[in-house]
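*Asks:* I have a structure here, written as structure tokens, and I will follow up with some questions on it.
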Amino acid sequence: MDTLLACAALAAQLCTGAQLAAVDTGRGRDLWEARCIGCHSLDANRVGPLHRGVVGRKAGTAPGFSYSAALKNAGFVWDEARLDQWLAGPGKFLPGSRMGFSVADPADRADIIAFLKTVR
């Protein structure tokens, strides 16, 4: 039984690695433009904060944006894993946040995040 569990764990790691290798930044840009641009810009705050440099930025700190208390006090830096959790369900990931939009498909989230990593 232990061997079976070890094989399942290895298979999960390999699948995750394959998914990461398959990200498409061009598709991510297209998805971002279709789904995110209504509230976000790369270079200016709008309904939501600017997205340029979001990967690696401390949550709740884009200059000039009025954040919810939940994001102001989050105390973490946006990385791929946190952005994935956020996009999957902002209210579940960080109760009290104001973003109500989510991205259900993990491949779509991965591509959007890959695109955001390119916009420094």
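The values are calculated or read from the model by the stated rules, or taken from the named source; none is laboratory data. Computed from a predicted model, the values in this text were never measured in an experiment. Neighbour counts run over all protein chains shown; Cβ positions are idealised from the backbone, glycine included.
*Asks:* Would segment 62-72 turn up any residue that is modelled with pLDDT of 95 or more, farther than 21 Å from residue 115 by Cα and within 15 Å of the chain's Cα centre (by Cα)? Spell out the reasoning first.
*Replies:* Quick first cut of segment 62-72, residues modelled with pLDDT of 95 or more only: 62-72.
Still in the list and also farther than 21 Å from residue 115 by Cα: 63-72.
Narrowing further to those that are within 15 Å of the chain's Cα centre (by Cα): 71.
Among the residues of segment 62-72, at least one is modelled with pLDDT of 95 or more, farther than 21 Å from residue 115 by Cα and within 15 Å of the chain's Cα centre (by Cα), which makes the answer yes.
*Asks:* Quick check on residue 55: is it of a type outside the set (Gly, Ala, Ser) and either touching a strand residue (DSSP E or B) at 6+ places or on another chain (Cβ under 9 Å) or touching a residue at least 40 places away in the same chain (Cβ under 8 Å) (or both)?
*Replies:* yes
*Asks:* Please count how many residues of segment 74-112 are buried (at least 19 other Cβ atoms within 10 Å of the Cβ) and aromatic (Phe, Trp, Tyr).
*Replies:* The qualifying residues number 2.
*Asks:* Taking only segment 101-120 into account, find how many residues are of a type outside the set (Asp, Glu) and either without any contact (Cβ under 8 Å) to a residue 40 or more places away in the chain or not in a helix (DSSP H, G or I) (or both). Even if it seems obvious, please write down each step before you answer.
*Replies:* Taking segment 101-120 and keeping what is of a type outside the set (Asp, Glu), we get 101-104, 106-107, 109-110, 112-120.
Still in the running and either without any contact (Cβ under 8 Å) to a residue 40 or more places away in the chain or not in a helix (DSSP H, G or I) (or both): 101-104, 109, 119-120.
Qualifying residue count, segment 101-120: 7.
*Asks:* Only one of 83, 87, 50, 71 is assigned to a helix (DSSP H, G or I) and farther than 25 Å from residue 22 by Cβ. Can you tell me which?
*Replies:* On inspection, the qualifying residue turns out to be 71.
*Asks:* Quick one: what pairs do we get from segment 89-100, first residue aromatic (Phe, Trp, Tyr), second surrounded by 13 or more Cβ atoms within 10 Å (Cβ to Cβ), C-beta under 6 Å, 6+ apart or different chains?
*Replies:* Going by the 6 Å Cβ cut-off, the qualifying pairs are 93/85; 93/86.
Matching residues to (1) outside any loop (DSSP other than H, G, I, E, B); (2) surrounded by 16 or more Cβ atoms within 10 Å (Cβ to Cβ); (3) touching a residue at least 24 places away in the same chain (Cβ under 8 Å); (4) of a type outside the set (Phe, Trp, Tyr):
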{"position": "29", "(1), (2), (3), (4)": "yes, yes, yes, yes"}
{"position": "32", "(1), (2), (3), (4)": "yes, yes, yes, no"}
{"position": "38", "(1), (2), (3), (4)": "no, no, no, yes"}
{"position": "41", "(1), (2), (3), (4)": "no, no, no, yes"}
{"position": "44", "(1), (2), (3), (4)": "no, no, no, yes"}
